[in-house]
Amino acid sequence: MTHRAILGASLVLCFAAATLKSQDAAPRPTGQVAPAAGPSMRWYKGNTHTHTLNSDGDSTPDDVVRWYREHGYQFLVLTDHNFVTGVDGLNALHGADEQFLVVRGEEVTSRAGDKPIHVNGLDVERLVEPPTGSSVGEVLQRAVDGIRSASGVPHINHPNFGWALTGQDLQQVRNNRLFEIFNGHPQVNQEGGGNVPGLEEVWDQILSSGTLLYGIAVDDAHNFKQPGNPRVAGPGRGWVMVRAARLEADALLEALEGGNFYASTGVVLEDVAATSTTLTVRVKTEGTSKYRIRFIGRGGHVLHEATEPTGTYTFTGNEGYVRAKVLESNGRVAWVQPVQVARKTALATAGLWAAVAAMSALVLARRQGRTCADARYDATSASV
Ligand SMILES: [Zn+2]
Ligand SMILES: [Zn+2]
């Protein structure tokens, strides 16, 4: 990329940042300029929510990592409850350049009253103590802030588990960009129920308000010894495909926070391409499956539905945002991240969150040094 292109990207970034509301993510400590999507970028399959015997999982870290390594993943984040499982030995055994990487993590597990509040910290440099507080919003914000201060990237987990987090809670939290649109645990209520909306409806409400959130899919795997049992939290149910320049934690997390990924429960995409005027999704077809590509905008309205494996939507300028959902004929799904569509003005600017973020220059944030304390998760207080 030329200096001019970098400057241009930075200017567009400034525009995009100015349009975002309270959830502007804190800078990720890389200090590098990520290249735009192009031939040098690759897709990496990963799961960012996994438990081991170090909290309430049923298998050793070695067995857990081995499962993902042997099932076509390129990265895995170990996120035990209030415990940072070391990854150096695991990477020595299972890691390989551009093939597989284990990333440190923690599920910061706390509660407000009877509401469980779980926030993952990806690549935290040390243990984040579970916060306390007098309200859901306060505990949630403190968890996010604690993860940021440990140089980690937060993602908010299973909002409907224990019916804990409302759309308003998700909308108001600051310095968070990611939440789980899908979690493979069987008790997380992601479809909603009663008078509580499902997560997809909540997502559209938040995006419609002008707050940017990206949706990730995860396993939240606990059980590796009962394959095929849908009543337990087994592996292989939800994952992200991240487009990054290299298989390193900083590059992967920068891409995640920039929306340069899609979430999936089984649909594979050949490509996602956002320009200033269009969003194109190309599905990698499998067997006899058929697909619908649904383009969704403000208020959750379906703007267009493509019935071929490739679909393109052309922005009108009135959508607010456009995201895509791919529905496969056996129930598998992929969620393509939203891009912001600016109203057509004299400047005729379309700010594209995803494309911009892929090119954005991120500022170095200083890592604070503290060793990982040996605080064990209290298995009686949460199970997801
Ligand atoms: Zn949880
Ligand atoms: Zn969990």
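The values are calculated or read from the model by the stated rules, or taken from the named source; none is laboratory data. For clarity, every value in this text was computed on a predicted model and none was experimentally measured. Neighbour counts run over all protein chains shown; Cβ positions are idealised from the backbone, glycine included. Each accessible area value is taken on the protein alone, full model and side chains, heavy atoms only, with ligands, DNA and RNA left out. Shrake-Rupley method; radii C 1.70, N 1.55, O 1.52, S 1.80 Å.
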Order by accessible surface, 1.4 Å probe, largest leading, for residues Lys284, Lys290 comes to Lys290, Lys284
In the neighbourhood of Val268 defined by beta carbon distances under 12 Å, the net charge of the other residues (Lys, Arg +1; Asp, Glu -1) is 0
Using alpha-carbon coordinates alone, the radius of gyration and Dmax of segment 166-218 in Å work out to 10.9, 31
Using a 1.4 Å probe on heavy atoms of the protein chains only, the accessible area for Trp163 in Å², nearest 10, reads 110
With x for Gly and Pro, the residue-by-residue ³J(HN,Hα) of segment 203-210, computed from phi through the Karplus equation 6.51 cos²θ - 1.76 cosθ + 1.60 at θ = phi - 60° and given in whole Hz, is 4, 5, 4, 5, 4, 5, 6, x
The aspartates and glutamates whose Cα lies under 20 Å from the Cα of Lys290, excluding any fewer than 8 residues away in the same chain, are Glu270, Asp271, Glu305, Glu308, Glu328
Here the percent of antiparallel bridges among DSSP beta bridges lying wholly in segment 113-218, to the nearest 5, is 40
From highest to lowest solvent-accessible area (probe 1.4 Å; ligands, DNA and RNA excluded), Ser289, Ser59, Ser135, Ser276 read Ser276, Ser135, Ser289, Ser59
Around Gly89 (Cβ within 15 Å, Cβ-to-Cβ, excluding Gly89; K/R +1, D/E -1) the net charge comes to 0
Ordering His301, His71 by the accessible surface of their heavy atoms, 1.4 Å probe, largest first, yields His301, His71
Expressed in angstrom and rounded, the centroid-to-centroid distance over alpha carbons for segment 114-189 and segment 38-81 is 20
Per the 1/(1 + (r/R0)^6) rule, R0 = 35 Å and r from the Cβ atoms of Glu248 and Ser134, FRET efficiency to 0.05 is 0.35
Taking every other residue with Cβ under 10 Å from the Cβ of Thr79 and scoring Lys and Arg +1, Asp and Glu -1, one gets -3
Rounded to the nearest whole number, the per residue volume of the convex hull around the C-alpha atoms of segment 221-334 in Å³ is 146
